[in-house]
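The structure appears below as structure tokens.
The values are calculated or read from the model by the stated rules, or taken from the named source; none is laboratory data. Computed from a predicted model, the values in this text were never measured in an experiment. Backbone-built Cβ (ideal geometry, glycine too); neighbour counts: all protein chains shown. Areas reflect the complete protein model, heavy atoms only, side chains present, ligands, DNA and RNA absent. Shrake-Rupley method; radii C 1.70, N 1.55, O 1.52, S 1.80 Å.
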Amino acid sequence: MTTNNPNHNRGDQSSDGNADKEHSDSVEPSPSTSGKTSQNFDPFDPASLRLNPSTAAGAIGVKRKYTTLKCDKPEKMDFVRVHPSTNYHLETAVIQDKRNRESYLVSPALWREFPDFIALVRLCAAVTRHGVPFIWLAKLPDPDGRAAGGDWHQSMLQAQEIAVNSWVRVQADMSAGSYAVFIATGTLPEPEWPDLTFKEMLELSFKNRLIDSPDHPFVRELLGEV
């Protein structure tokens, strides 16, 4: 005769439970959960806190909004590059206000109206080594082929062409009567171009200096009408 023991199964369950507990106690924690990494991490370590200029804007979630761009030759202390695409180069005409060091973009319909003031130029999208974009202006030869300004303007045009592939610095050489072009000898990173079309760059540079009418205030001042 078999006697039913109500404690028989209960004892097996208790035994199995103790075995499972002993097994779990014998398992060592993995390195990923041991807390070793967090214990070694120092939140005040300067290396972990240092700002990286090349990634700061993206990390903080900031994108620069350009409101204006300079149109001029490069500063003599700046190494600069010219955009390699010809879509970012433009041969056109301007009137220069040399007193205020500003250039006015002139609508082609008015070029014949002001022959005494028009200057033929090449405008190129450029950027400094520190990522500051600008429009680089260099004068072109006159329509008859004569180089306006001689070696000064010719050397500036050559500097633009060299800057397509190399970082350059441009400085006036008074003894030579031209601009000296210096090419960076170090291995500098490729330029970071702004997210702007050339049309947008022109608008930012000439938005308040576009001559599209003979009644433009600057033209009237040149002609002595005001």
- request: Output the qualifying pairs, or none if there are none: Cβ atoms under 6 angstrom, residues six or more apart or on different chains, first residue in segment 156-175 and part of a loop (DSSP other than H, G, I, E, B) and of a type in the set (A, V, I, L, M, F, W, C), second residue open to solvent by 30 Å² or more (accessible area, probe 1.4 Å) and modelled with pLDDT of 95 or more.
  value: Val164/Pro84; Trp167/Phe79
task: Determine whether Asn87 is at pLDDT 95 or above, open to solvent by 50 Å² or more (accessible area, probe 1.4 Å) and among the polar types (S, T, N, Q).
output: yes
message: Can you go through Gly35, Gly61 and tell me which one is of a type outside the set (S, T, N, Q), modelled with pLDDT under 75, open to solvent by less than 70 Å² (accessible area, probe 1.4 Å) and more than 27 Å from Trp193 (Cα to Cα)?
response: Gly35
message: Among the residues in segment 152-172, are any in contact with a strand residue (DSSP E or B) (Cβ under 9 Å, 6 or more places away or on another chain), at pLDDT below 95 and charged (D, E, K, R)?
response: no
- request: Identify the residue in segment 180-226 that is farther than 30 Å from Ser166 by Cα and among the β-branched types (Val, Ile, Thr) and, among all such residues, is modelled with the lowest pLDDT.
  value: Val226
field: Residue that is farthest from Lys63 (Cα to Cα) [pool: residues in segment 176-202 that are in a loop (DSSP other than H, G, I, E, B) and of a type in the set (Ser, Thr, Tyr)]
entry: Thr185
- request: Kindly provide the set of residues from segment 181-226 that are open to solvent by 70 Å² or more (accessible area, probe 1.4 Å) and touching a Lys or Arg at 6+ places or on another chain (Cβ under 7 Å), ordered by number.
  value: Phe182, Val226
query: Taking the stated definitions as given, is Arg122 over 25 Å from Gly224 (Cα atoms), part of a strand (DSSP E or B), of a type in the set (Lys, Arg) and open to solvent by 40 Å² or more (accessible area, probe 1.4 Å)?
result: no
statement: Of the residues in segment 155-180, those that are touching a Lys or Arg at 6+ places or on another chain (Cβ under 9 Å), more than 11 Å from Lys73 (Cβ to Cβ) and not aliphatic (A, V, I, L, M) number 4
task: Please specify each residue of segment 75-110 satisfying the condition of being of a type in the set (Lys, Arg) and in contact with a Pro (Cβ under 8 Å, 6 or more places away or on another chain).
output: Arg81
